[in-house]
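Remarks on the structure that follows.
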Amino acid sequence: MSQSTLQPQVDVRRSAERDATKISWLDSKHSFSFGQKYDPTNTHHGLLLVNNDDVVRPGAGFETHPHRDMEIVTWVLQGSLVHQDSTGHNGIIYPGLAQRMSAGRGIMHSEKNDSWRLEGAAHQDPVHFIQMWVVPDENRITPGYEQLEIDNDLLSGGLVPVASGMDVHDGAAAIRIKNKYAALHAARLQPGQSVELPEAPYLHLFVARGSVTLEGAGALAEGDAVRFTATGGQRVTATEPAEVLVWEMHATIAG
């Protein structure tokens, strides 16, 4: 779908509007329909199906479970998360380390707040992370995994690619995802610093931490999101120390 066939739209979604799953070990807030929280009018934006804001208590987490035909990107804000999967990959994800798992034709994995089992002493710190799912542009690929430390300097005051399948980001400090129409950007901003959003048919801005103002829309608080259609170029300015995640998407899910 070309941008010229779309009507420009800026759709602000407030943090409190999100559905939530809250159990003894998990506090999860969902930007889109997820699990039993299903709303047929809120299934995706562009290629993004899931933007979950998760806090997991120490010693707990998601037991081994399956995925298929999905690109899953995990971005930790606080604490550390242990990943293990059926392809033999395992590792600890922490702030500034981007992780991508390609589920492909099928993968099993677990995610837990128990990093002390691999290294270090036991702790009582929760782990806070954002997990995002985009569809691949080809199904039934070989499952894969990639993680990469994103240099802190790149995330201090600029919008930089963190995960991308777009040709324009070849050679950039970003993990690769299996969709050539999508890229995830991140920025850490100090008060007064600003970034300009890219131009794309579909954008999704998420305020992961702190607060910002969006040109033309006003104040956005932690957990707020904005879905852009056929627009871009607006400036996002921090009003306190903030972290933002921006999906740039040049296609949408058919139907």
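The values are calculated or read from the model by the stated rules, or taken from the named source; none is laboratory data. These numbers were taken from a predicted model, which means no experiment stands behind them. Using ideal geometry, Cβ is built from the backbone for each residue, glycine included, and neighbour counts are taken over all protein chains shown. Please note that ligands, DNA and RNA were not included when accessible areas were found on the heavy atoms of the full protein model with its side chains. Shrake-Rupley method; radii C 1.70, N 1.55, O 1.52, S 1.80 Å.
Tell me, please, whether a residue that is at pLDDT 90 or above, open to solvent by 50 Å² or more (accessible area, probe 1.4 Å) and within 28 Å of His44 (Cβ to Cβ) can be found in region 128-137.
yes
I'd like the full set of residues that are of a type in the set (Val, Ile, Thr) and modelled with pLDDT of 95 or more, limited to region 4-20.
Within region 4-20, Val10, Val12 qualify.
Here is a yes/no grid of residues against (1) part of a loop (DSSP other than H, G, I, E, B); (2) over 20 Å from Val162 (Cβ atoms):
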{"site": "Gly216", "(1), (2)": "yes, yes"}
{"site": "Ala219", "(1), (2)": "no, yes"}
{"site": "Arg227", "(1), (2)": "no, no"}
{"site": "Ala230", "(1), (2)": "no, yes"}
{"site": "Val236", "(1), (2)": "no, no"}
{"site": "Val246", "(1), (2)": "no, no"}
{"site": "Ile253", "(1), (2)": "yes, yes"}
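Looking at (1) touching a residue at least 60 places away in the same chain (Cβ under 8 Å); (2) within 20 Å of Ser164 (Cα to Cα); (3) of a type in the set (Lys, Arg), can you tell me which one Arg13 breaks?
(2)
Name the single residue, out of those in region 78-102 being polar (S, T, N, Q) and open to solvent by 50 Å² or more (accessible area, probe 1.4 Å), that is nearest to the chain's Cα centre (by Cα).
The residue in question is Gln78.
What are the pairs with Cβ atoms under 9 angstrom where one residue, in region 90-114, is under 17 Å from Leu245 (Cβ atoms) and the other, located anywhere, is open to solvent by less than 10 Å² (accessible area, probe 1.4 Å) and among the basic types (Lys, Arg)? Sequence gap at least six, or different chains.
Pairs that qualify, where the first residue is under 17 Å from Leu245 (Cβ atoms) and the partner is open to solvent by less than 10 Å² (accessible area, probe 1.4 Å) and among the basic types (Lys, Arg): there are none.
The rows are residues; the columns are (1) over 20 Å from Leu203 (Cβ atoms); (2) not charged (D, E, K, R).
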| position | (1), (2) |
| --- | --- |
| Leu6 | no, yes |
| Glu17 | no, no |
| Ile23 | yes, yes |
| Leu26 | yes, yes |
| Lys37 | yes, no |
| Thr41 | no, yes |
| Glu63 | yes, no |
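Of the residues that sit in region 164-193 and are without any contact (Cβ under 8 Å) to a residue 60 or more places away in the chain and basic (Lys, Arg), which one is surrounded by the most Cβ atoms within 10 Å (Cβ to Cβ)?
Checked region 164-193; the qualifying residue surrounded by the most Cβ atoms within 10 Å (Cβ to Cβ) is Arg188.
Just to be sure before I move on: is Phe129 assigned to a strand (DSSP E or B), over 16 Å from the mean Cα position of the chain (by Cα) and in contact (Cβ under 8 Å) with a residue 24 or more places away in the chain in the structure I sent?
no
Quick one: how many residues across region 211-255 are modelled with pLDDT of 95 or more, under 19 Å from Lys180 (Cα atoms) and open to solvent by 50 Å² or more (accessible area, probe 1.4 Å)?
Summing the residues that are modelled with pLDDT of 95 or more, under 19 Å from Lys180 (Cα atoms) and open to solvent by 50 Å² or more (accessible area, probe 1.4 Å) in region 211-255 gives 1.
Please note which strands (runs of 3 or more DSSP E) are completely contained in region 7-52 and include at least 1 residues that are touching a Phe, Trp or Tyr at 6+ places or on another chain (Cβ under 7 Å) and among the aliphatic types (A, V, I, L, M).
Working: elements: 9-13, 19-22, 26-30.
Those strands (runs of 3 or more DSSP E) span 9-13.
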